[in-house]
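Worksheet: one structure, shown below.
Each reported figure results from applying straightforward, stated rules to the coordinates on display, with no laboratory input. What you see is a predicted model, and the numbers here were worked out from it, not measured in a lab. Counting neighbours? That spans all protein chains shown, and the Cβs are built from the backbone with ideal geometry, glycine included.
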Amino acid sequence: MKPDERGRFEQATLPHLDAAYNLARWFTQNEHASEDIVQEAFYRAARYFRSFRGGDGRAWFLSVVRRASLAWLEKQRMQAGVAFKEDVHDRGDETSNPEILAIRKSDDEIVRQALEELPPELREVIALRELEGLSYQEIAIVIEAPMGTVMSRLSRGRERLQRRLSRCHEGRTT
Amino acid sequence: MNCREVRQLLSPYSDGELTPDQDAKVEQHLLECEECSQQEKSLQSVRMAISSAALYYEAPASLRQRIEATRLPIDRGGFRISLQWVTAAAGVFLLVGASAALGMLWPEQKPTADDELAHLIVANHMRSMQVDHLTDKESHESQTLLSWFQKKIGFSPLIPDLSQVGYELTGGRLDYLPDHPVAGLVYNRGSHVVNIFTWTANSFEDKPLTRLVCQGFRLRHWQRLGMSYWVVSDLNDQESDKFAKVYERYSRKILPLRLRSSDVFKIP
């Protein structure tokens, strides 16, 4: 890569390093792997820089990060002997006792835990929308899915968080 | 709009992602329906809880350092492409010379229709290798090329993305055979240029893969679903087969469903 090209490439990607790391972190939930993933994505993005048509590099770079995260997740699940399906499977909401949670942890911790309990494909759209502030169209680019999928995953993710958090809340006040 | 429909739209409503018409309908319903209105408030409070909690993971300093120290790969583009063309063009002249010499040593066989076509295809391929004539439309994106071909030639060839299997889409070109225009697709494998020519065939009959060598270039030809395909490159036999196979396999993925046939493309 020539120096001026590296400059343009860095302008398109470096301002979005936090966004990249945040996405990888929420998607994979692995602190150590997230750094590797973002570095790998940065390298891959350089190879495909010519496919970037200018403008805001965020959605473009995030889609590369997302692919790298997905590849990592798939590898993990292969090793664990479970095939990763992108379809959402219900993990159920009965995994933890809300009352105990509510007493022990602060509000932030409850919200964090509720989000962590979502399956990755719901977690990532929530993170992209609520933490990153991306539009539906941008999210569609990042997760390489139609807008309708973005819309339904966000709805489902929020419904689950709503159920989960309202039970925690009841648990605390009673 | 009934409650069930409104519930489904509450999430995009809170994001401001509905059409103005839908937005107005949901808003009206919320004014009239206490239950849905409660639901909407509850959704808002969940969203507030998420955005106000400290959930954002900022990139650690160690990552920034690693990124800055990352040695970036060399992008295939700009100056390097023109160098490739020069090398490729030089290769072409050598091969032409070599095959002319061989032609003098070996007695000529009676050419078939395919052989004649192969000569024309190779001539097109060689012309394309001359500097600055590889593509009329340079693009890595199938969609861009599809609409370009549609405008220029009146049909859309199948342009699968083969980057995962090592062939980079470089662009498209308009070429001519004696009686009709053909779509030329250009893929790169390292420094090798693969041209694939395709046009609407005279018959809807499928023809299996045929191998030809012409002036030192390997050609692969087949016909499928009413389209004729000719692949030409300086790849070796095995790799030429592989490209034809991969092109077919990936094309199948982007074919409209109704056109997909169940038989499997086999290298004979």
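Give the calculated FRET efficiency between B:Glu27 and B:Phe155 to the nearest 0.05, with a Förster radius of 56 Å applied to their Cβ-Cβ distance.
Approximately 0.75, to the nearest 0.05.
Between B:Ser191 and B:Tyr56, take the C-beta separation as r, use R0 = 41 Å, and let me know the FRET efficiency to the nearest 0.05.
For R0 = 41 Å, the calculated efficiency reads 0.35.
Taking R0 as 60 Å, what FRET efficiency do you get between B:Asn236 and B:Asp15 from their Cβ-Cβ distance, rounded to the nearest 0.05?
Rounded to the nearest 0.05, the efficiency is 0.65.
Any chance you could check the Cα centroid distance between segment B:1-52 and segment A:102-164 for me, in angstrom?
17 Å
Filter the cross-link list B:Lys137/B:Lys207; B:Lys151/B:Lys242; A:Lys2/B:Lys152; A:Lys2/B:Lys137; B:Lys207/B:Lys242; B:Lys137/B:Lys253 down to pairs whose alpha-carbon distance in this structure exceeds 26 Å.
Where the Cα-Cα span goes over 26 Å, the pairs concerned are B:Lys137/B:Lys207; B:Lys151/B:Lys242; A:Lys2/B:Lys152.
With the crude spin-label approximation of a point 7 Å out along Cα→Cβ, what separation in nm comes out for A:Gln113 versus B:Ser37?
Label-label distance for A:Gln113 and B:Ser37, simple model: 3.5 nm.
Taking every residue in A:45-52, how many Cβ atoms of other protein chains lie within 10 Å of its Cβ, on average?
5
If each residue of separation counts as 0.36 nm, what is the full-extension length gain between B:Asp179 and B:Met48 once their alpha-carbon separation is subtracted?
Going from the current span to full extension adds 40.5 nm.
Which shape class applies to segment B:3-52: rounded if a/c is under 1.5, otherwise prolate when a/b exceeds b/c and oblate if not, where a ≥ b ≥ c are the square roots of the Cα gyration tensor eigenvalues?
Cα axes put segment B:3-52 in the oblate bin.
Please average, across the residues of B:14-24, the number of beta carbons from any other chain that are within 10 Å of each residue's own beta carbon, and give a whole number.
For peptide B:14-24, the averaged partner shielding equals 2.
What does the average come to when, for each residue of peptide B:39-51, you count the partner chain Cβ atoms lying within 10 Å of its Cβ?
Mean inter-chain Cβ contacts per residue within 10 Å come to 5.
Is segment B:111-199 best put as rounded, prolate or oblate by its Cα gyration tensor, with a ≥ b ≥ c the root eigenvalues, rounded for a/c under 1.5, and otherwise prolate when a/b is larger than b/c, oblate when not?
Judged from the Cα gyration tensor, segment B:111-199 comes out oblate (a/c at least 1.5, b/c at or above a/b).
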